[in-house]
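Worksheet for the structure shown next.
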């Protein structure tokens with residue numbers, strides 16, 4: 001859904017932020033791991049009821065997820081292991097953000113359902129690409145949209161407006177189902193044409 005913005009970011013960031021950060025010694029995998037550390041911190045903060053910092057951890061982790069790719073493109077250091085590490089830490093980070101929201105009072109059952117569909121969304125992309133189908137930009141709920149929704153839910157959780165946070169998590173689950181369907185249709189269509 002944010003495909004046009006992503007295209008712009010992928011063109012501009014490597015030339016600016018990516019070059020600068022690579023000059024100060026930050027590697028793509030280093031940026032990935034820094035973003036992952038922010039995700040690890042989120043549920044710890046939530047467990048200790050420091051809810052106000054959860055949205056910040058989501059933003060910083062999401063930002064580093066953009067930065068790692070910018071550094072890789074700026075330095076021509078895109079590697080298969082880097083792509084694997086990025087994808088792996090993204091999946092675990094998603095789980096950690098949902099856990100943080102559960103600690104902050106969001107419905108755990110709804111969160112588990114939304115997390116499950118979110119993981120299947122990512123799996124559908126991965127499997128589709130293994131089958132040779134280009135999956136970037138397919139579906140309503142890619143990771144960037146999911147992080148935005150989790151960020152918004154975490155803001156409402158800070159103020160104990162858990163009903164609204166639960167509705168947002170329900171939206172994540174519903175959009176996840178729709179995205180799985182959209183990606184499955186795309187894969188079926190592309191494989192039919194091969």
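The values are calculated or read from the model by the stated rules, or taken from the named source; none is laboratory data. All values derive from a computational prediction rather than experimental measurement. No Cβ is skipped: glycine too gets one built from the backbone with ideal geometry, and neighbour counts run over all protein chains shown.
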- Message: Pull out all pairs, ordered by first then second residue, where Cβ-Cβ is under 9 Å, the residues are six or more apart or on different chains, the first lies in the stretch 120-137 and is at negative phi and without any contact (Cβ under 8 Å) to a residue 24 or more places away in the chain, and the second is surrounded by 13 or more Cβ atoms within 10 Å (Cβ to Cβ) and not in a helix (DSSP H, G or I).
- Response: 129/135
- Quick one: residue 174 ticks every box in (1) farther than 24 Å from residue 60 by Cα; (2) surrounded by 16 or more Cβ atoms within 10 Å (Cβ to Cβ) except a single one, so which number is it? (2)
- Task: Check the stretch 155-176 and report whether any residue there is on the phi > 0 side of the Ramachandran plot and at pLDDT 95 or above.
- Result: yes
- Message: Condition first: in a helix (DSSP H, G or I) and either without any contact (Cβ under 8 Å) to a residue 24 or more places away in the chain or exposed (fewer than 14 other Cβ atoms within 10 Å of the Cβ) (or both). Now tell me which residues in the stretch 157-166 satisfy that.
- Response: 163, 164
- Query: For the stretch 76-86, does any single residue satisfy the condition of being over 17 Å from residue 28 (Cβ atoms), within 13 Å of the chain's Cα centre (by Cα) and part of a helix (DSSP H, G or I)?
  - Reply: no
- Would you point out which residue out of 184, 154 is in a helix (DSSP H, G or I) and out of contact with any helix residue (DSSP H, G or I) (no Cβ under 6 Å at 6 or more places or on another chain)? 184
- When restricted to 96, 2, 101, 13, the only residue closer than 23 Å to residue 117 by Cβ, at pLDDT below 95 and touching a helix residue (DSSP H, G or I) at 6+ places or on another chain (Cβ under 9 Å) is 2
- Task: Go through (1) touching a helix residue (DSSP H, G or I) at 6+ places or on another chain (Cβ under 7 Å); (2) more than 22 Å from residue 152 (Cβ to Cβ); (3) touching a residue at least 60 places away in the same chain (Cβ under 8 Å) one by one and return the number of the condition residue 110 breaks.
- Result: (2)
- Mind checking whether some residue in the stretch 120-137 is outside any helix (DSSP H, G or I) and surrounded by 17 or more Cβ atoms within 10 Å (Cβ to Cβ)? yes
- Could we say that residue 140 is touching a residue at least 24 places away in the same chain (Cβ under 8 Å), under 17 Å from the mean Cα position of the chain (by Cα) and surrounded by fewer than 17 Cβ atoms within 10 Å (Cβ to Cβ) here? yes
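Residue-by-condition table, conditions (1) touching a strand residue (DSSP E or B) at 6+ places or on another chain (Cβ under 7 Å); (2) more than 23 Å from residue 135 (Cβ to Cβ); (3) surrounded by 20 or more Cβ atoms within 10 Å (Cβ to Cβ):
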| position | (1), (2), (3) |
| --- | --- |
| 92 | no, no, no |
| 98 | no, no, yes |
| 107 | no, yes, no |
| 115 | no, no, yes |
- Message: Based on this model, can you work out whether residue 149 counts as surrounded by fewer than 20 Cβ atoms within 10 Å (Cβ to Cβ), touching a helix residue (DSSP H, G or I) at 6+ places or on another chain (Cβ under 7 Å), in a helix (DSSP H, G or I) and modelled with pLDDT of 95 or more?
- Response: yes
